[in-house]
1. Going through the stretch 117-128 one residue at a time, which ones are open to solvent by 20 Å² or more (accessible area, probe 1.4 Å) and in contact with a strand residue (DSSP E or B) (Cβ under 9 Å, 6 or more places away or on another chain)?
2. Quickly run through the stretch 7-57 and pick out the residues that are modelled with pLDDT under 90, assigned to a helix (DSSP H, G or I) and charged (D, E, K, R).
3. Looking at 177, 130, 168, which one is polar (S, T, N, Q) and more than 16 Å from the chain's Cα centre (by Cα)?
4. Quick one: in the stretch 212-230, of everything that is open to solvent by 30 Å² or more (accessible area, probe 1.4 Å) and touching a Gly at 6+ places or on another chain (Cβ under 8 Å), which residue is modelled with the lowest pLDDT?
5. Residues 253, 209, 289: which one is open to solvent by less than 50 Å² (accessible area, probe 1.4 Å), aliphatic (A, V, I, L, M) and either under 28 Å from residue 145 (Cβ atoms) or modelled with pLDDT under 55 (or both)?
6. Return yes or no: is residue 177 in contact with a Pro (Cβ under 6 Å, 6 or more places away or on another chain) and open to solvent by 10 Å² or more (accessible area, probe 1.4 Å)?
Amino acid sequence: MGLSATSKPVESRERSSESRVLLIGHDQPSDEVFEQQLTNLHCPFARAAGSADALRKLRASPYAVVITDPETSIHEDLALVEEIRDLRPGVRVIVLAPFGTPEDLIDALRQHVFLCQCAPFNAKDIARYTVSAIEAHDSSAGIEVLSAERDWISVRMSCDLLNAELLTAFFKEFRMTLPERPPEEMMVAFQEILNNAIEHGAQNDPSKLLEVAAVRTARAFVFYIRDPGKGFRPDALPHAAISYPPDDLTRHLEVRNKSGMRPGGYGILMASGIVDELIYSEVGNEVLLIKHMDGSQNRRSSSEESWLPGAGRDLSES
């Protein structure tokens, strides 16, 4: 699987009636690390020699997750996804492939593939995503593609932190297919603001919807996020580090602790230090993250501007 530790007895791998995960592809020495990662996470699995064998096993037994052969193309895997769903509509599919184009990855997103990754693979991450796929509720599988041009990708998604992680994983993978790539740190800023939109704007309510767009212009990479919240006032974020002067950036931790909030509160501050421009709408429930390709523009964050809007809350309270 190109993904590698001590192999287990074959019998323990083939108890498909107890297995939640079906791995497609010939069992190779390089697969041992991935298998060990699944075992460490108490995630039982079985193997199928190829697509035909996988369909045969799926007819005989239900599986929560199918992981495709990392040696087959995304195009081949997506054709298999259709057949898998005819047999087992609820199964989640993780696509592994040797390489992919931007269009391949967009097609995978359109077909609601749980995760699509191209070589080289990180065995630990894929095992972790596999467990997430097993445990995910149906409400977590809500990412709808609205636009699918390589220079303008937009989606509507249910406000679930797992969706945020999966969408970020998609954009990280998509980024690697581009000749001119946004810096890797921009993905960190994007995920921070996206998580805040879900936690604060949507109050972690998966029944609410959020819109995200990724746009590539001739001079910049842009992320747009719109959450369903009421907006926020930058002067009313006592739990965020951005609200305090540089010599007092930990005071917000006391507020978070007293309020029973998780540790954090550095989201806006971190994002504004990564992107060149962080601009909020008047209400505050829409934001643009802009990174100039030449990196020559001065950073400007709307959270630092005197005209920054004021109204209820959301997108980056953290």
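1. The answer is 117, 119, 121, 125.
2. 11, 13, 31, 32
3. That would be 177, the only listed residue that is polar (S, T, N, Q) and more than 16 Å from the chain's Cα centre (by Cα).
4. It comes out as 230.
5. That would be 289, the only listed residue that is open to solvent by less than 50 Å² (accessible area, probe 1.4 Å), aliphatic (A, V, I, L, M) and either under 28 Å from residue 145 (Cβ atoms) or modelled with pLDDT under 55 (or both).
6. So residue 177 passes the test.
One line per residue, one yes/no per condition, for (1) of a type in the set (A, V, I, L, M); (2) open to solvent by less than 10 Å² (accessible area, probe 1.4 Å):
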{"position": "46", "(1), (2)": "yes, yes"}
{"position": "63", "(1), (2)": "no, no"}
{"position": "69", "(1), (2)": "no, no"}
{"position": "77", "(1), (2)": "no, yes"}
{"position": "82", "(1), (2)": "no, no"}
{"position": "90", "(1), (2)": "no, no"}
{"position": "107", "(1), (2)": "no, no"}
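The values are calculated or read from the model by the stated rules, or taken from the named source; none is laboratory data. Since the model is a prediction, treat every value here as computed from it, not as a measurement. For neighbour counting, all protein chains shown are included, and Cβ atoms are generated from backbone atoms with ideal geometry for every residue, glycine included. Heavy atoms of the whole protein, side chains included, go into the accessibility calculation; ligands, DNA and RNA do not. Shrake-Rupley method; radii C 1.70, N 1.55, O 1.52, S 1.80 Å.
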